[in-house]
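Here's the structure we're looking at; comments come further down.
Readers should treat all values here as calculations from the given coordinates under stated rules, not as data from a laboratory. Every value quoted in this text rests on a predicted model; they were computed, and no experiment measured them. Quick reminder, even Gly has a Cβ in these numbers, built from the backbone with ideal geometry, and neighbours come from all protein chains shown.
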């Protein structure tokens, strides 16, 4: 079957693209970062999708490969586009000065290898008394969060940790044994350029915490640390009173599949995958009416609050620097997913250009989610009740220490929820035994987990009853003054303002502000209002870094809750295109807003920034129970009644529940 | 088995209490509102609970009956307390002037009967052209939301609706046929005192919408309305592509029961039930350490925003005016609850003093809730993963038109979530055919659903590592100035402030404010911080009514997000004790705060107000898909590591999931 234009590249298409890279640079050594299917221009896709839905067999737009890579001999990062239909390179360019493609695990492995051979690192380890524990040591290779303007070489910084020396188990929780210095590695020169010592005390020390000069040479600094394991082999005895819980779908699932096209409970959409964003949903419609052209998690910035060098450079852009697709877990049946599961896989390229498939990067399954709607007529005591079935599309990323679980939930009432769970291990640093610090929480002996943020950007490209003519509006609840029409001071109403030009908006809880996406050309025949979807946003704290700071310039997207921009092809990345070591956001939402374009009744895109400000608790170690948040999109005067009104009633015959009968002091 | 002091009254105890009421008023006609077990004083309960946990067999506090009722002959509302252990009345008093006990469905039925016989009502119906449709008419008996100071008789207001005259089915959605006038009923005099005509137009009318003088006598006003049904018999064809989804627990549940004492996954608590609050959780502990003394939903205020008389008087206190227990649904297996379900029942008294049991007012079951924690060591590619099992305690209230679903979720990491779902039917009023109004949304022809709010108060009586010495603190994320210690402007930290005196707090999203409950006497041995639970609050809009308005005085609780008060026996009701027709909040959180008591390291209570500001959408009719919100309590430096670290790994052997294999265009 020919690929759909929204389908990712096959392994063959990746290999075909790689051949063009190699042909472009004969005899050179290529380090590939990304080979992906470039998303076709909307101007081509809209007629394609319309024809497709009309049952025609339109000619798809050409399959274009977009490749990002280094030519190692000249240390140049390049982009190349190849038209696979015509088998020719259509564009080639070197990245602008100061732009750095994402990090990757191969680079991190190189950095670690170089570090543990480097005399300065060895001397520092000796100073820390860790010479004899070298076999326990490992590193987290971190992006070098930029803190200055100007052209900085491609660096990485290595956070050094030790597996518990008592057993050196390969899955020992190394974050319980942090080593207090950071080698900095020049990725392209392939050499350690310096080591930075970390503050290990606190602000009440004379040294402001920079105590490394007082280290007793050769005394094992990690002696004040203590094993703190999460691996089941190391945790030991677990609870024995949890009984099995199985989800059975005796007649199979309620969804149907054709390639990546899913239909379920009046929904129709395509599941997509990109190396940078991971899971993407395309061309969603409900009951034959289009709702969204594209939904994706665009970016996440993770700045840390401890300002003491060098760890103030811990600021990651998990999508732009690493990649939501590249970091996606291969999910496993019965572990990550319960019930009847459909998996989708993702195709990627390794640095040498070998294409490979990551299996099961997305799972899809139905889930019972409690009650969907209920009403009991108290006069007759007759209830009407339906259960809420949802279709869950889940992907899980491992970005070094942290895990993120992203799940889109589609429901039967045309709602779409994005649920985010943060788990994994908090990033830690060494603190002198017995000390505490205002910059974080001591979560294990001599282990400081510093305050940090996770600011997400979700990109919503709407297609409310049509692909191109939507408007973003915001609604504020307003009171009206005391007057003859409001004699008791009880009045309030909803005031809607349409956004005319690309711009930003802040959440405002006091007036119940919410944002909606409207098609002004189509009025709801019942209410007379334009059809719309409402965003149930997450009104959270935003980026804490000071105005004027590099951190703030890099993550402008994280400083406002809502960004309203005019659609532009391939403008997918809220925090800018090249986030790794960026000193400001380029090609992100701020630039898009600054174009000052018309967005009313136009091809508008809505971006929402929100996040977790995480002051770690002891309970977040050695692994963090999920911290959950969500946003939701619901139809708002889009339909002429509850779109789930035709969901069958919930019955015992269908649901087959079991009642626990009276029983004392026993497991039932 | 003798009842536990936290157990509700048995039917026998209710009947025994009623006998004392009748003996107190020989020969009089009693209309009983409430007979309940008064909660024992904490000063008696704490030693009892401590002894109980120590394995002793303490003597329980006496069983005290608290009764609220009218003596109809003298129209006096009274309270009576009876000590059932000693079989004597311990206190009797009449309610203060202006205090009105809750409404009840028997009064509402009386009001309806009186209305449809009353000449003014009959004349108004004739004017509306509804004389011949009398058999289709019914009413929602509403509390008379007070709009003035002073002593007002006990009134109710009747919103008149019609079942669809086309079929007059008993479960026809009457809210699609609203009648534009409101009879006002004097409950104790048992007579209609007047009728109020409603505005049916909009503000651009010359009459400001008060068009009743222009009604054409005898012309059926409801002709512009149209049936809009939710009842399955009337909805017609439903979707046929939803496949069954069964939850099987082959080895039974993971919880154990002893009466109302539940143990599950290190949790231990008691399930309670009161007529006013409904479901209450008592004496929660995790792994042998106490966490909360009592958790309850205390109040909900539902003011409407249309200021045009008489409907500006739509302001309900769903708990104080009606009762969370009294309105609780009898839940049914396989409909309201999926899986293996334990039900709890509630005992109530009818107006004549007959005790009866409402079956299944609370359901309890386990649920799989996705992933609890996960980490993959990317070096070895070994994941550690557990699923999140929750224990759900759910109750559903029908308060006239609306349904509320309250569910406490306990989790294996010592977290407690309260999830609230709003469903049911929006309250509607008539609007002239073809018109719209800024005060609401036309959700069906000639049917206006006006803007309104649901402001909840949740009462949290903490027992963080001990019953009596807790402190509420709030934490704000603060940046620090640019200086030598913050050279790049990246610094931020968490600043904790302890609340000393009973007072209020507002949410502040900009600084990530959160509230926690601390035991300052017990330090976490790892972090050095006092043990605590954190409240993940809902930072929402609060009451919109104007400062100085009666509405605002009545619901002071709904004007601040957090109330910190000193514990006082039987101070359970955020919006005051007698909310029905109140003109101000008496005995609620405002009075408690105004006592200006010490709350630091003391017996403190935390109350959280939050809500939905609901501008109805067409999709909310004829019945509203659930609108969901939640708050959560999580341990914060309470444990020395992730308390769910010992949950067994998630395995396919245990979970028995099924993979969907490739298959095109078919249901699988």
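Laid out as a table, the results:
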item	result
The stretch B:568-668 shape via C-alpha gyration tensor axes, a/c threshold 1.5	oblate
Spatial extent of the protein assembly as shown: Rg and Dmax, with the Cα atoms as the point set, Å	32.0, 109
Gained length - residue A:659 relative to residue A:168, 0.36 nm times residue gap less alpha-carbon distance	171.9 nm
Prolate/oblate/rounded call for the stretch A:105-235, Cα gyration tensor, a/c under 1.5 rounded	oblate
Label-point separation, residue A:357 to residue B:50 (7 Å along Cα→Cβ), nm	6.6
Value of relative contact order over the stretch B:105-235, rounded to a whole percent, pairs C-alpha under 8 Å and six or more apart	26
Cα convex hull of the stretch A:1-130, projected area averaged across orientations, nm²	12.0
Chain A - percent relative contact order, Cα under 8 Å, separation 6 or more	13
Highest to lowest packing among A:23-29, B:380-386, scored as the average C-beta count within 10 Å	B:380-386, A:23-29
Rounded tilt (10° steps) of A:11-24 against the dominant C-alpha axis of chain A	50
Segments B:164-174, B:261-271 sorted - mean Cβ within 10 Å per residue, highest first	B:261-271, B:164-174
Peptides ranked, highest mean first, by Cβ atoms within 10 Å: ranges A:450-456, A:569-575	A:450-456, A:569-575
Over the stretch B:244-310: Kirkwood hydrodynamic radius from C-alpha pairwise inverse distances, Å	15.3
For the stretch B:325-341 and the stretch A:153-227, distance of Cα centres in Å	56
Estimated 222 nm signal from helices in chain A, with DSSP H stretches of n ≥ 4 weighted -39500 (n - 2.57), rounded to 500	-2500 deg cm²/dmol
FRET efficiency, 1/(1 + (r/R0)^6) with R0 22 Å, evaluated for residue B:131 and residue B:210 via beta carbons	0.45
Degrees, to the nearest 10: A:42-53 long Cα axis against longest axis of chain A	50
Span from the the stretch B:1-44 Cα centroid across to the the stretch A:441-471 one, whole angstrom	53
Full-stretch length increase - residue A:568, residue A:258 - with 0.36 nm per residue and alpha-carbon distance subtracted	108.7 nm
Whether chain B is rounded, prolate or oblate, judged on the alpha carbon gyration tensor where a/c under 1.5 counts as rounded	prolate
Difference of contour (0.36 nm per residue) and Cα-Cα distance, residue A:75 to residue A:12	19.9 nm
Residue mean of other protein chain beta carbons inside 10 Å, B:521-533	3
Distances in nm from residue B:90 to the matching label points in the other copies, shortest first (labels 7 Å along Cα to Cβ)	8.4
19 Å cut-off, amide nitrogen to a point 7 angstrom out along residue B:649 Cα→Cβ, residues in the stretch B:361-375	B:371-375
Rounded tilt (10° steps) of B:105-115 against the dominant C-alpha axis of chain B	20
Distance in nm between pseudo-label sites at residue A:196 and residue B:496 (7 Å out along the Cβ direction from Cα)	2.9
Ascending list, in nanometres, of distances separating the residue B:596 label from those of the other copies (7 Å, Cα toward Cβ)	5.5
Inter-chain Cβ neighbour average for residues B:610-617, partner chain, 10 Å	5
Pairwise FRET efficiency - residue A:217 versus residue B:602, Cβ, R0 = 56 Å, nearest 0.05	0.65
For residue A:485, label point 7 Å along C-beta direction: distances to other copies, nm	5.6
Whole-angstrom gap from the stretch A:619-646 to the stretch B:399-423, using each part's C-alpha centre	15
Simple label model, 7 Å out from Cα along Cβ direction - residue B:523 to residue A:149, nm	4.7
Sites residue A:380 and residue B:237 - FRET efficiency at Förster radius 25 Å, r taken between beta-carbons, to 0.05	0.60
Averaged over A:336-344, number of beta-carbon atoms from partner chains that fall within 10 Å	6
